[in-house]
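Structure first, then comments.
Every read-out reported here was derived from the displayed coordinates using simple, explicitly stated rules and does not represent laboratory data. Predicted, not measured: the structure shown is a model, and the values here were computed from it. Glycine gets a Cβ as well: all are built from the backbone with ideal geometry, and neighbour counts include every protein chain shown.
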Amino acid sequence: MDEQPEPVPEPGAGLDRRAELSEFLRTRRARLKPEDVGLPDFGRHRRVPGLRREELAQLAGVSVAYYTRLEQGNGRNVSAEVLDSIARALRLTDAEHAHLTHLAKPKHKKKPAARTQQARASLGQLLDQMEGVPAYIVGRRAEILAWNRMAAALFGDWGELPVAERNWARLVFLRPDYRELFVDWEQKAIDIVCALRMDAGCYPDDPRLSALVGELSVKSEDFRRLWATHDVKEKSHGVKRLKHPLVGELSLNFEGFRLLGDGEQSMVTYHADPGSPSAEALRLLASWGADATRARAGSRTPSA
């Protein structure tokens, strides 16, 4: 039977936590084969991709009926020990395990939508003093909260955008110039979707998040495809390759730092290996200053 597309969240409504839990468990089970977990595969023609519910329940040490209820989205009264067993059986990563726990045993929190995210003024001052290092503060829902001059020269002056458009998800999925900026655009898109999925697990009642997901689902086929995978992960460091319209291709190391004063915000910095062509390209951008930012903005192609 063909899979049905996920429903688009209605504006102002939260995400359906039970549906999120159900789909997450189903997609994690579908990616495992019996031989992956040491089980015999007796059938040449399996009716479902990956493990059957019966096989997963056996591995986790729970009854089939119990696991079935959980996969149908009924995580009420499930114990942490059972979730740990299921996480081990599904071979979940730490991020996936945390996501499963958030979906199955949500903490009762006040709806966060009314509070507008802001970066502390001292953080803005710190960013301004980080000369030669592109850096910015990102919050929940991939919202860009603050940045320095080098980040504007590298990524574009977000100050020229309406506040609602200062969002990595909207930029990457809806702006053609950002698709051209990232050499491995697909990986950047995956990273953003994984982060939004983790937000959805922690705050399923956030109407702003569901509105963002709804908008992107309608406007971007790529977003719909990646959102349907239910993948989650945290990526705090790595390498990004950019194709800048002024200085060409750069290979930059990035580091993400959770801010202790507000765990929902992170500072992200970019730097090049010393003596590399990318380091020279960053030096040129720094020396051009505001001219580089204006030229970067002028290079954008109109959004579709």
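Given their separation in residues at 0.36 nm each and the Cα-Cα distance between them, Glu234 and Ser63 gain 58.4 nm when the chain is fully extended. Fully extending the segment from Arg31 to Val133, taken as 0.36 nm per residue of separation minus the present Cα-Cα distance, adds 32.7 nm. Take the convex hull of the alpha carbons in the range 134-226; its mean projected area over all directions comes to 5.8 nm².
Here the label points at Leu284 and Asp84, each 7 Å from Cα along the C-beta direction, are separated by 5.5 nm in the simple model. Sorting the segments 212-218, 158-164 by their mean number of nearby beta carbons within 10 angstrom, highest to lowest, gives 212-218, 158-164.
For the range 17-104, the C-alpha radius of gyration sits at 1.02 times the compact-globule guess of 2.2 N^0.38 Å, with N the residue count. One chain, two ends: Glu249 and Asp16. Fully extended at 0.36 nm per residue, the span grows by 79.7 nm beyond their Cα-Cα distance. Between Asp94 and Arg258, the modelled label-to-label distance comes to 0.9 nm, taking each label 7 Å out from Cα in the direction of the beta carbon. Placing a label point 7 Å from the Cα of Glu160 along the Cα-to-Cβ direction, the residues of the range 260-290 with a backbone N closer than 15 Å are 289-290. Per the Debye formula on identical point scatterers at the alpha carbon atoms of the range 121-298, with no solvent, log10 I(q)/I(0) at q = 0.12, 0.18 Å⁻¹ is -0.55, -1.27.
Among His99, His237, His230, the ranking by other beta carbons within 10 Å of each residue's beta carbon, starting with the fewest, stands as His237, His230, His99.
In the range 121-298, Cα pairs under 8 Å separated by at least six residues give a relative contact order of 27 percent. For Ser276 and Gln125, what is the calculated FRET efficiency with R₀ set at 22 Å and r taken between the beta-carbons, to the nearest 0.05? Efficiency, from the Cβ-Cβ distance: 0.15.
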